[in-house]
Amino acid sequence: MSGKKTTMAAIAREARVGIATVDRVINQRASVRPVTQRRVIEAAKKLGFALEKSHCLSAVLGRPERRLRMGFILLRREHSFYAQLADELMAQAAPYHEPGQPPQFIFHSLNAIGDTAAAISQLSRQVEAIGVLALDHPLIHYAVEEAAQAGINVFALLSDLSVPSRAGYIGLDNQKAGRTAGWAVDRLCRRQGDVGVIIGDNRFTCQEACEIGFRSYLREQMSGQRVLEPVRSLEDAETARRVTRELLASHPELAALYAPSGGVEGIIQALRESGRQRDITLVCHGPVQGGEMALLDGTVDLLLCHRIPELAATIVETLLAADEQPGLRHIINRFDVITKENL
């Protein structure tokens, strides 16, 4: 091997895999899933690592023989999180499509239930596997059932759906994320008082589970904090800004906020406008546009951050695996705990 200054450990960190996986890919010691192979090789190239065995590089980066037409339904691209996720999914899924026929993407507003259900039906006629982020609504259930009856694997992404015919769920352990947020508020909150919770919508099962875990932890610790009823942001930054301002006005004893939702940029803006950003502990999910600066200036105290490249790779790998071997899958992705000290 050449490029000795770039170690396997560095490649493993960049690709978010183990060193043994890097060794298997570079030295072709054992088979590795194609998506993981590509991630390792792309990380190696990014770090300037050169492979003596050029056929290894071409074999891994060459278009795989497998083909699976995939479609994804996400929230609007205006949300930085979903734009990043869509870009990563495109990069991971494109090699498994015919040239000129890329993965299909449909973006919708949070409460556009009818449009989302129609998108599931539309994609079920165009692709062989679907990943969908949607509210847990009967109309969505009906569309998923119809797609499943047509032989399409439909996976719930990030927020599970209570419909038995779905092929599975891929996302966080949301109760664990909520309990982690509860731990953070219990340890970091500067004073006793009210704790606000800002969710996107009541039918987002991911955020419901986060709230349950959050309340459960604080209840177990008998922290003395009074958790308020959640308010809705509809995953929209301007709505989140408005409801945050309302919470600040109606609850002068507000000591902390937990936001397992989108639109966090609006919460950050409202806290800065109030001048109380250092007085109120804010724990939120991310990544968030401008999140690093919000951590540095003290507006955000702790960020529970999705690993978007890893999440996208897991989604594509799971859709491929389900196509080969059907069966219900429940895949948990990891998250990072970020403070200003470990940026």
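The values are calculated or read from the model by the stated rules, or taken from the named source; none is laboratory data. All figures in this text were calculated on a predicted structure; none of them were measured in a lab. Backbone-built Cβ (ideal geometry, glycine too); neighbour counts: all protein chains shown. Quick note on the areas: whole protein, heavy atoms, side chains included, nothing else; ligands and nucleic acids left out. Shrake-Rupley method; radii C 1.70, N 1.55, O 1.52, S 1.80 Å.
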Pull up region 245-256, narrow it to residues that are open to solvent by 20 Å² or more (accessible area, probe 1.4 Å) and small (Gly, Ala, Ser), then point me to the one that is nearest to Val227 (Cα to Cα). Ser250
Can you find a residue in region 326-335 that is aliphatic (A, V, I, L, M), modelled with pLDDT of 95 or more and crowded, with 18+ Cβ neighbours inside 10 Å? no
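Could you please find all residues in region 188-214 being part of a loop (DSSP other than H, G, I, E, B) and without any contact (Cβ under 8 Å) to a residue 60 or more places away in the chain?
Asn202
Residue-by-condition table, conditions (1) basic (Lys, Arg); (2) more than 22 Å from Cys305 (Cα to Cα):
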position	(1), (2)
Arg166	yes, yes
Asn202	no, no
Cys206	no, no
Leu247	no, yes
Ser261	no, no
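Tell me, please, whether a residue that is open to solvent by 40 Å² or more (accessible area, probe 1.4 Å), under 23 Å from Ala15 (Cβ atoms) and in a helix (DSSP H, G or I) can be found in region 309-316. Spell out the reasoning first.
Step one: of region 309-316, the residues open to solvent by 40 Å² or more (accessible area, probe 1.4 Å) are 309.
If we keep only those that are under 23 Å from Ala15 (Cβ atoms) too, we end up with 309.
If we keep only those that are in a helix (DSSP H, G or I) too, we end up with 309.
Checked against the condition, which is being open to solvent by 40 Å² or more (accessible area, probe 1.4 Å), under 23 Å from Ala15 (Cβ atoms) and in a helix (DSSP H, G or I), region 309-316 yields at least one hit.
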Checking the structure you have, find out if any residue of region 227-244 is open to solvent by 70 Å² or more (accessible area, probe 1.4 Å) and part of a helix (DSSP H, G or I). yes
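For every residue, the table says whether it meets (1) open to solvent by 10 Å² or more (accessible area, probe 1.4 Å); (2) under 23 Å from the mean Cα position of the chain (by Cα); (3) of a type in the set (S, T, N, Q).
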site: Tyr258; (1), (2), (3): no, yes, no
site: Ser274; (1), (2), (3): yes, no, yes
site: Ile280; (1), (2), (3): no, no, no
site: Cys284; (1), (2), (3): no, yes, no
site: Gly291; (1), (2), (3): no, yes, no
site: Thr299; (1), (2), (3): no, yes, yes
site: Arg307; (1), (2), (3): yes, yes, no
site: Glu324; (1), (2), (3): yes, no, no
Give me the pairs: first residue in region 321-343 and in a loop (DSSP other than H, G, I, E, B), second residue surrounded by fewer than 15 Cβ atoms within 10 Å (Cβ to Cβ), beta-carbon distance under 8 Å, and six or more apart or on different chains, which are they? Leu343/Leu296
Top-ranked residue of region 125-153 - restricted to ones that are in contact (Cβ under 8 Å) with a residue 40 or more places away in the chain and in a loop (DSSP other than H, G, I, E, B), ranked as surrounded by the fewest Cβ atoms within 10 Å (Cβ to Cβ): Gln126
Considering each of Gln122, Gln104 in turn, give the residue that is touching a residue at least 12 places away in the same chain (Cβ under 8 Å), open to solvent by 10 Å² or more (accessible area, probe 1.4 Å) and in contact with a strand residue (DSSP E or B) (Cβ under 7 Å, 6 or more places away or on another chain). Gln104
Close pairs (8 angstrom Cβ cut-off, 6 or more residues apart or separate chains): free of Cβ contacts under 8 Å to residues at least 60 places away in the same chain in region 72-100, hydrophobic (A, V, I, L, M, F, W, C) and part of a helix (DSSP H, G or I) anywhere: Arg77/Ala83; Arg77/Ala86
Among the residues of region 212-224, write down those that are modelled with pLDDT under 95 and open to solvent by less than 30 Å² (accessible area, probe 1.4 Å). Ser223
Every residue in region 186-208 that is open to solvent by 30 Å² or more (accessible area, probe 1.4 Å) and either over 24 Å from Glu78 (Cα atoms) or aliphatic (A, V, I, L, M) (or both), please. Asp186, Arg187, Leu188, Arg190, Arg191, Gln192
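Condition check: closer than 24 Å to Pro309 by Cβ, within 19 Å of the chain's Cα centre (by Cα) and not polar (S, T, N, Q). Does Leu133 satisfy that? Steps first, answer last, please.
On the way: closer than 24 Å to Pro309 by Cβ: yes; within 19 Å of the chain's Cα centre (by Cα): yes; not polar (S, T, N, Q): yes.
Judged against the criteria, Leu133 is a match.
Can you tell which of Ala10, Ala15, Ala91 is closer than 23 Å to Ala156 by Cα, at pLDDT 80 or above and either among the aliphatic types (A, V, I, L, M) or open to solvent by 50 Å² or more (accessible area, probe 1.4 Å) (or both)?
Values: Ala10 fails: closer than 23 Å to Ala156 by Cα; Ala15 fails: closer than 23 Å to Ala156 by Cα.
Every option except Ala91 fails the conditions.
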